[in-house]
1. Could you please give the count of residues in segment 2-14 that are part of a loop (DSSP other than H, G, I, E, B) and crowded, with 16+ Cβ neighbours inside 10 Å?
2. Among the numbered conditions (1) more than 20 Å from L72 (Cα to Cα); (2) not in a helix (DSSP H, G or I), tell me where N17 comes up short.
3. If you take just the helices (runs of 4 or more DSSP H) that sit entirely in segment 121-179, which of them hold at least 1 residues that are over 12 Å from the mean Cα position of the chain (by Cα), closer than 18 Å to A95 by Cβ and among the β-branched types (V, I, T)?
4. Answer yes or no as to whether T123 is touching a Gly at 6+ places or on another chain (Cβ under 7 Å) and in contact (Cβ under 8 Å) with a residue 12 or more places away in the chain.
5. I need every pair where a residue in segment 108-120 that is closer than 18 Å to V79 by Cα and free of Cβ contacts under 8 Å to residues at least 60 places away in the same chain has its Cβ under 7 Å from the Cβ of a residue that is in a helix (DSSP H, G or I) and of a type in the set (S, T, N, Q), sequence separation at least 6 or different chains.
6. Taking segment 69-110 on its own, how many of its residues are among the small types (G, A, S) and surrounded by fewer than 22 Cβ atoms within 10 Å (Cβ to Cβ)?
7. Would you mind stating whether G33 is surrounded by 17 or more Cβ atoms within 10 Å (Cβ to Cβ) and either out of contact with any His (no Cβ under 9 Å at 6 or more places or on another chain) or more than 28 Å from G106 (Cβ to Cβ) (or both)?
8. Name the single residue that is surrounded by the most Cβ atoms within 10 Å (Cβ to Cβ) among those in segment 138-148 being in contact with a Ser or Thr (Cβ under 9 Å, 6 or more places away or on another chain) and modelled with pLDDT of 90 or more.
Amino acid sequence: MPVEALVEAVLSETEPNVAGALRWALARSGDGGPALLAKGLDSPVAAVRERAVQSLAEMPGDEATAQLRHALAHTDVVVRGYAALALGTRGVADAVPTLIDMIIEGKNDTDAADALNALASDTATAHQIATKLVDHLAHDTTEAPARGRLAQALAAVPGTTASRALVELSHDEDRAVALTAAYLLSATRRTVTDLSRGATYAARRAERSQTYHHPPKGDSEPPGRLPQHHPNTAADDETTVVHFQVLLQRP
């Protein structure tokens with residue numbers, strides 16, 4: 001079957017099993033498919049745009065990757081999401097901002113976290129991804145459910161930047177977020193002895209708060225501020241482990 005006919009069939013088929021078989025055939029049809037599918041991204045019909053990007057995501061080769069890169073800037077959030085997930089598995093770092101947006105918004109956030117994990121294949125990239133995740137944690141507008149999803153994404157990223165953020169999240173003002181971070185630290189057996197001191201997302205959240213004031217020396221932390229904890233000794237490490245165990249044992 002000519003490529004043009006396959007593309008037309010893929011873009012119009014509504015039955016999932018048949019559509020999957022058509023995408024499989026198209027992915028093995030040779031050159032020309034990606035350019036034709038890219039035209040489908042301009043369709044006024046949302047379902048057609050979704051089928052087009054789905055098919056592009058399943059096609060190998062540089063041409064398909066290039067079309068998926070263009071799709072990252074599409075006005076349709078569904079198109080951007082499919083493109084970002086596919087590019088993440090292909091090692092394209094341009095997908096990171098969209099993947100993080102998906103996590104914050106709760107749209108295919110588990111798949112997005114997996115894609116970030118695939119991208120975090122070296123120390124430098126892992127640090128960059130973790131830093132972007134932490135930047136979003138510092139925003140006052142990032143609510144508890146989103147912080148919980150960001151914690152799960154951080155657990156998939158190796159390195160001390162992600163570990164430090166999870167330690168901070170284990171002291172989050174929202175108990176569900178704190179429990180999630182504590183569990184993830186325990187489950188992934190993160191090493192926290194080498195975490196460095198310095199600015200944390202908790203501190204940045206406080207700095208951006210218009211109502212935050214430093215308490216007099218000796219007073220407790222003001223309500224709503226996340227306690228700061230930077231374990232960097234063996235003793236601190238043991239204290240942190242105990243803290244996690246206490247959190248997990250609470251009813």
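The values are calculated or read from the model by the stated rules, or taken from the named source; none is laboratory data. Everything numeric here is computed off the predicted structure, so don't read it as measured data. We place every Cβ from the backbone using ideal geometry, glycine too, and count neighbours over all the protein chains shown.
1. Summing the residues that are part of a loop (DSSP other than H, G, I, E, B) and crowded, with 16+ Cβ neighbours inside 10 Å in segment 2-14 gives 1.
2. (2)
3. Hits in segment 121-179: 123-137.
4. Criteria met by T123.
5. From segment 108-120, the pairs are A113/Q152; A115/T89.
6. Within segment 69-110, residues that are among the small types (G, A, S) and surrounded by fewer than 22 Cβ atoms within 10 Å (Cβ to Cβ) number 4.
7. Yes; evaluated as a whole, the condition is true for this residue.
8. So, considering only residues that are in contact with a Ser or Thr (Cβ under 9 Å, 6 or more places away or on another chain) and modelled with pLDDT of 90 or more, the one surrounded by the most Cβ atoms within 10 Å (Cβ to Cβ) is R147.
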